[in-house]
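K.L.:
My questions will all concern the structure given below.
Rule-based calculations on the coordinates, nothing more; no lab input. Nothing here was measured: the structure is a model prediction, and the numbers come from that model. Ideal geometry is used to build each Cβ from the backbone, glycine not excepted, and the neighbour counts take in all protein chains shown.
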Amino acid sequence: MARPCFSSVGPSLLRGSGPPAAGPAACPWRRCPGTGSRLAAAGGAPALESTPSAQEEKELRVACQAVRLAARLCQVVQQELRLSEWEDKDDSSPVTVADYGAQAVVAWVLSKAGLHEGPLSLVAEEDSTSLKNSEGGAMRNRISQLVNEVLIDTPGAPVLTSDDIMDLIDMGRSDGGSGTHWVLDPIDGTRGFVAMRQYSVCLGLLKEGQVTVGALGCPNLPQTKVTDEDGKPGAASRTLDADIGCLFTATRGGGARDGPLWGSELPSHELRVPDVDSIASVQYMESFEKRHSNHELTAALAEKLGIVRPVLRMDSQVKYGALSRGDAALFMRFPPPDYREKIWDHCAGSVIVEEAGAKISDGSGRPLDFSQGRWLDLDRGIIAASPSLHATVLQALNEL
Ligand SMILES: Nc1ncnc2c1ncn2[C@@H]1O[C@H](COP(=O)(O)O)[C@@H](OP(=O)(O)O)[C@H]1O
Ligand SMILES: [Mg+2]
Ligand SMILES: [Mg+2]
Ligand SMILES: [Mg+2]
């Protein structure tokens, strides 16, 4: 089946800072048929049985607009990152002006869209508490400048004051649970972001505990197959190249797709995880940061399974994107036993891998439960892979 080809990279969203446009004859989307993508070479994904409903498509369009604007803000900041632009939170994880700015931009887009009845509910990682103390002034000013710059070409966007922006950030304080909630990680992989590696902007929509829409923006992810080098600090140095930057989307029951991040069209290249031919050659992925996931445990599991290929380490939910398009076959995450996961770290990515045909569960095989509020309680980490490989890995974990 022929797949649509994206014909333009789209307008720059932050003036003077966009990636170079591809020449008129070149398709900027390197995964089109005939351009060497593994899926295309294998005959591509089967046609999807259903398409998003009109409401889901509206939700998806808004999610993609929000993620693209936020990703542009992040890209600009990563290229200019200065020491004063990040601080340590109480849990000693970093947060930058881009985390706050991206959260404000997404909250503004969602609040203007008015997609659902009743007040907007947003479960998001950041809040303005530390920005409101006396040392927060410089960060507050910089965030205001960034947010206004990124929204400048968006129809209907007013000039937002610093107080408006603090209020937008604090819209993310929802407790989640049952009902309808947007779930946002404005920058997933902030450690990767400050170290010039991978990161992603992750937005999902929860309805009665089920993730129904996901949009995952990956500014430093190549549109061609990811390699070990792409997980390392050089990733951010290529972010302005025309073939870097991916947007993954999914709607529940409507399939998963990918396309270029720096465009305005909805991604339309359908995704389906391939079956694994040989376990020895399985490419598995884990967190770049060993404090986030136990690298010894994954290595032991890989050895038990007979996997001989070296692990691919990358920050953030880009790993879910890479899995959904078949760059790697297996994702494993084993955080320290006292670490409690949050829903925004897996919400968007989980619906994308599921709609691409993979299975995702905790280490005891239970589906991820997004219905319990801001926390995501798990038993022994997370495993995502094609259904047959998932079952094999789960059994090996239980035997270890
Ligand atoms: N000690 C820890 N153990 C496990 N995960 C942690 C952690 N500290 C932070 N994290 C989470 O790991 C996320 C990054 O995932 P990955 O390991 O795949 O790059 C972080 O997202 P943020 O960067 O949004 O804070 C954070 O929520
Ligand atoms: Mg964080
Ligand atoms: Mg995160
Ligand atoms: Mg984050």
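K.L.:
Which stretch or stretches of the stretch 254-298 have amide N atoms under 20 Å from the point lying 7 Å from THR51's Cα along the Cα→Cβ direction?
P.N.:
Output list for this probe position: 254-260, 264-272.
K.L.:
When LEU266, LEU378 are ordered from fewest to most other Cβ atoms inside 10 Å of their Cβ, what list results?
P.N.:
Ranking LEU266, LEU378 by Cβ neighbours within 10 Å, fewest first, gives LEU266, LEU378.
K.L.:
OK, next. If you take the beta carbon distance between SER278 and SER237 as r and set R0 to 35 Å, what does 1/(1 + (r/R0)^6) give as a FRET efficiency, to the nearest 0.05?
P.N.:
0.55
K.L.:
With the Cα gyration tensor of the stretch 92-214 in hand, convert its eigenvalues to equivalent ellipsoid semi-axes via √(5λ) and list them largest first in whole Å.
P.N.:
In descending order, the three semi-axes are 23, 18, 14 Å.
K.L.:
For LYS290 and THR129, calculate 0.36 nm times their separation in residues minus their Cα-Cα distance, and state this gained length in nm to one decimal.
P.N.:
This chain segment gains 55.1 nm when fully extended.
K.L.:
So what's the back-of-envelope 222 nm ellipticity for the chain, counting only DSSP H runs of four-plus at -39500 (n - 2.57) apiece and dividing by all residues, rounded to 500?
P.N.:
Estimated from H runs of four or more residues: -9000 deg cm²/dmol.
K.L.:
ARG173 versus ALA299, label points 7 Å from Cα toward the beta carbon: distance in nm?
P.N.:
Reported label-point gap for ARG173 and ALA299 is 4.5 nm.
K.L.:
Excluding residues on the same chain fewer than 8 positions from LYS359, give the lysines whose Cα lies under 19 Å from its Cα.
P.N.:
Filter leaves LYS319.
K.L.:
Where is the GNM fluctuation largest for the chain (alpha-carbon springs, 10 angstrom cutoff): ASN220, ASN133, ASN141?
P.N.:
In the Gaussian network model the winner is ASN133.
K.L.:
Report, ordered by chain and residue number, the lysines lying within cross-link reach of LYS58, taken as a straight Cα distance under 20 Å and ignoring same-chain residues fewer than 8 apart.
P.N.:
LYS112, LYS207
K.L.:
Here's something else I'd like to know. Got a sec? How would GLU56, GLU229, GLU399, GLU354 order by Cβ neighbour count within 10 Å, fewest to most?
P.N.:
The order, fewest Cβ neighbours first, is GLU399, GLU229, GLU56, GLU354.
K.L.:
Ok, one more. Please tell me the relative contact order of the chain in percent, rounded to the nearest whole number, where contacts are Cα pairs under 8 Å and at least six residues apart.
P.N.:
Reported as a whole number, the value is 17 percent.
K.L.:
Two decimals is fine: what is log10 I(q)/I(0) at q = 0.14, 0.15, 0.26 Å⁻¹ for the stretch 347-386, from a Debye sum with one equal scatterer on every Cα and no solvent?
P.N.:
Here log10 of I(q) over I(0) equals -0.28, -0.32, -0.91.
K.L.:
How compact and how long is the chain, expressed as Rg and Dmax of its alpha-carbon atoms in Å?
P.N.:
19.7, 59
K.L.:
Quick check: the distance between the Cα centres of the stretch 255-280 and the stretch 298-371, to the nearest angstrom?
P.N.:
16 Å
K.L.:
Across the Cα atoms of the stretch 279-399, what radius of gyration and what greatest pairwise Cα-Cα distance (Dmax) are found, in Å?
P.N.:
Calculated on Cα positions, Rg and Dmax stand at 13.0, 39 Å.
K.L.:
Once Rh is set to the Kirkwood radius over Cα pairs, what Stokes-Einstein translational diffusion coefficient, in µm²/s, holds for the stretch 54-270 at a temperature of 4 °C and a viscosity of 1.567 mPa s?
P.N.:
Taking Rh from Cα pairs, D becomes 75 µm²/s.
K.L.:
Using only the alpha-carbon atoms of the stretch 314-379, report the extent along each of the three principal axes, biggest first, to the nearest angstrom.
P.N.:
The Cα atoms of the stretch 314-379 stretch 31, 23, 21 Å along the principal axes, largest first.
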